[in-house]
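Peer 1: The following block contains the structure, expressed as structure tokens.
All of the numbers you see were taken from the coordinates with simple rules; none came from a lab. What you see is a predicted model; the values in this text were computed from it and never measured.
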Amino acid sequence: MPKGASADEIAKHAGERAFYDMTGADNIFKYITTEGKRTGKFTALEYLQKNTGVFNDKGMIPQEQVDEMKTRLKGNKGHIYHGFISINEEQSYKIDTPEKCIELIKRTFPQFLADAKFHKDNVDLMCALHLDRPHHLHIHFVFWEKEPKFKNKDGTPRYRRHGKIDKKSIDNMFVRLGLFLGERKDRVYKSRDKAIAELKQLLGIRAVMASDETIKKEIVSLAKDLPETGRVTYGSNDMEKYRPRIDRIVRLLIGSDPKAMKANRRFYEAVAEREREVKNICGKPTAYSNKKVKPQEMENDLPKYHNEIDEGNIHVIEDLKADYKRRQGNLVLKLCKFIKPEYFERKYKCRADSKGLKRSLGISRNKIDRACRKFFKSFSAESELLERDFTRRLQEIEEEIERERKKQQSSSDSGNGETK
């Protein structure tokens, strides 16, 4: 509320605040869980669950947790954000059950919060489905910061200062929703999993030992050079100078195997198809390159959007490619980490027939052999993870991406005074 507000403005603000912080008799919770306009005997509240009709990206919210969230909100001095996701008649059936609604929120909202510079773990989120328009369903949502985790210049904690969400974050959310509701949403992830599975097979110990000598030398050389301390994951700062070598190994592996090469190509074809969908959602339809299908026919199979979104602000495709590249690199690093501790090399001057040298080399070879056998046995078990339910896998993937983004966000916020 601005300084010097009039008595009427103060009263209006107090009324609105009571509505949103749930201290008023009529409040946002009552609004999103009751459909006064619906002509029927049940409400969204009763439809979704007997006790509470709110959910978030983790599932239905039990009554006990709802009460805890309400208590936090009453003491909250920060901003409260409210909005809705409205689906057109043709696609409303895609959110007509609690399970569908929860999956949509799970696949889109966490990244939206990250884009908007919120700390996801410090946000309370409530959503509810409204059924008063059966052919035009919509999800209401309200969220707020649990605690003041940002820091003032003097180090004291505060809530986020800005009460508005930037357009770039909203545009990316709009695109993610469009992609989620698309008919081909799973293809890019399934093609990625297939490509990663093929690369994983190439990085099995037996396969590597039988592969081209150049690839073996590259892998062993990288394993030797990796630092003894720090985070040995593709996205970490400690691996920045090693990434070109990791990428080279990946290219060599894929280029050495027709199946891996084919799977890799299919992934990028699926990404190109999704990029076409992004252009369409942004209001700039473009025909996907396919010699067997005429451009106008390719455009006709996409839903019609009438948006003006700056495509340069959308990072969905870059995120997909970066995630794929990171997964490839981590497979290589996993093998290198496995090799490094057992690799023995001659560090001191001694005779070639030295008993001590022969003994050390023998111990090293035996350890590597045992470790290789263990790794190979575990490989088949790890491969079975690829056969898990797709939704479960995708949830784990997005949570992993979110953790990486959160770390990057924390580093970025520290430069502008908005750190946790």
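Peer 1: Wrap a convex hull around the Cα atoms of segment 98-228, take a quarter of its surface area, and give that in square nanometres.
Peer 2: Numbers: hull surface 57.9 nm².
If I average the Cα hull's projected area over directions, I get 14.5 nm².
Peer 1: Past 18 Å, Cα to Cα: identify those pairs from Lys120/Lys146; Lys259/Lys337; Lys77/Lys146; Lys120/Lys149, in the order given.
Peer 2: On the way: Lys120/Lys146 10 Å; Lys259/Lys337 26 Å; Lys77/Lys146 10 Å; Lys120/Lys149 11 Å.
Listed pairs above 18 Å: Lys259/Lys337.
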